[in-house]
1. Nearest 20 debye, what's the magnitude of the dipole of segment 13-85 about its Cα centre given +1 on Lys and Arg Cβ and -1 on Asp and Glu Cβ?
2. Once label points are set 7 Å from the Cα along Cα→Cβ at both THR273 and SER346, what is their separation, rounded to one decimal in nm?
3. How many angstrom lie between the Cα centre of segment 131-168 and the Cα centre of segment 83-99?
4. GLN262 versus ASN246, label points 7 Å from Cα toward the beta carbon: distance in nm?
5. Near LYS326, which lysines are there with a Cα under 24 Å away, not counting those fewer than 8 places off in the same chain?
6. Set the bar at 25 Å for Cα to Cα. Now go through LYS90/LYS292; LYS72/LYS102; LYS147/LYS249; LYS63/LYS102; LYS200/LYS239; LYS79/LYS102 and name every pair that lies beyond it.
7. Which FRET efficiency, nearest 0.05, do GLN71 and GLU201 yield, Cβ-Cβ r, R0 45 Å?
8. Give me the distance in nm between label points sitting 7 Å out from Cα along the Cα-to-Cβ direction at SER134 and LYS326, one decimal.
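Taken together, the values in this text are just the output of simple stated rules run on the coordinates, not laboratory data. Everything quoted here is computed from the prediction, not taken from an experiment. Cβ placement follows ideal geometry from the backbone for every residue including glycine, while neighbour counts extend to all protein chains displayed.
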Amino acid sequence: TVTYGVMDPVKKAESAILGQVLLRRGETKEGDFYHAPSGWNDHDLFAVCWGPAVAALSYVFDKSEHEHILQKALSGYRKCASISAHYGMKEVFDNLVIHLCKFSTLTPMREGASDSMEIQRQRGLNERVFHHSSPEGVALAFGENHKAQLATRTLFELLHANGGILREGWRNLLDVLLQMFRARLLPSDLTEVEDFVDEKEWVSILRTHEKELQTVRSETGLLSWFGLGGSGGESDRRKPTQEQLNAIKLSSAVIAECRPSQIVLDSKYLTSTSLAELLGALSTNSMQIVEKSQETTHGKVSMVGEDEDALVFYLELMVSISIENKDRLSVVWGPVRRHLEWLLSSSFGRCPVLVERAVVGLLRVANRNLFRDNTVADEVLQSLSLLFGELCF
């Protein structure tokens, strides 16, 4: 104890006695001191503070428009991702991926969700050229949103570096990939697939669908004078400007820099748990598409072309991942076989393109893996009976 001034004699004697007691206790086991290694409490500290930290970073990134502040926020995301990967904190990395997917603006709108005022304003300007849900409209909106491009770049950067600890975030990432596919922003590595019939030995899964023109009522009155009324139809849409065309090209360039096809190539480095979560997310998202868009007639599913293309896209991803993981076919074959059985059931008899790609996918998996893994070779061979037993529509 440090004291100042003149000490009382009684307190001085008491202090001397306590000092002697402390010295004697130091000679016993109570005098042993333990040196805590550097970073001993880092995991516990990060477990406490990561939630508020990510919330603060997300708020700053969402509200700020300054490049320096945006880069600072993304740097915080990267550091949180590195720490979570070091300690294997999967829920933290999932949370980071989900936030970045939202900021990419490439996720589908959920029920009850609403766009920000900035997105609504930009959408209103672009409506006169492209419908906001059209492929060109999505690509244009992404190309004109610098913040969304930064978030998307960071998203794939973190994924390529630490994808092995991703769990629930796979579903959000697949939503982003599907939106890129629908906007025709993905590179050809993910849209051109192997085929046994076409003379080129590959086909593109990108198709053009003719949509029925929806009648849009013309707004009249005072709002129309200020340009706040609805569009008068397709005839009122103007041709895109050169700046808008450049924005669409920029969108494709940004997505190409993100290397989304690397997800399939790097799947062979994922842990078995993460790989199983990825395959499960593909199946779950596919089932959700069917539940939201299906029209069942006599037990058969009938879908619009865009939804059928979405199922084909997820199917091709699953087939490519299973082929890439041929050295551990026993891990991937179970969910892949169940997904193929589902698509080859009689329920999808009204979806010829989907059934055709499922048949080709099954043949591709069997052709590449039948003679490699003896533990599941018999199961792969037996699965070929699906082509004869269940394709009776």
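1. So the magnitude is around 100 debye.
2. 4.2
3. 18
4. Using points 7 Å along Cα→Cβ, the separation is 2.8 nm.
5. LYS268
6. With Cα atoms farther than 25 Å apart: LYS90/LYS292; LYS200/LYS239.
7. 0.50
8. It is 4.3 nm.
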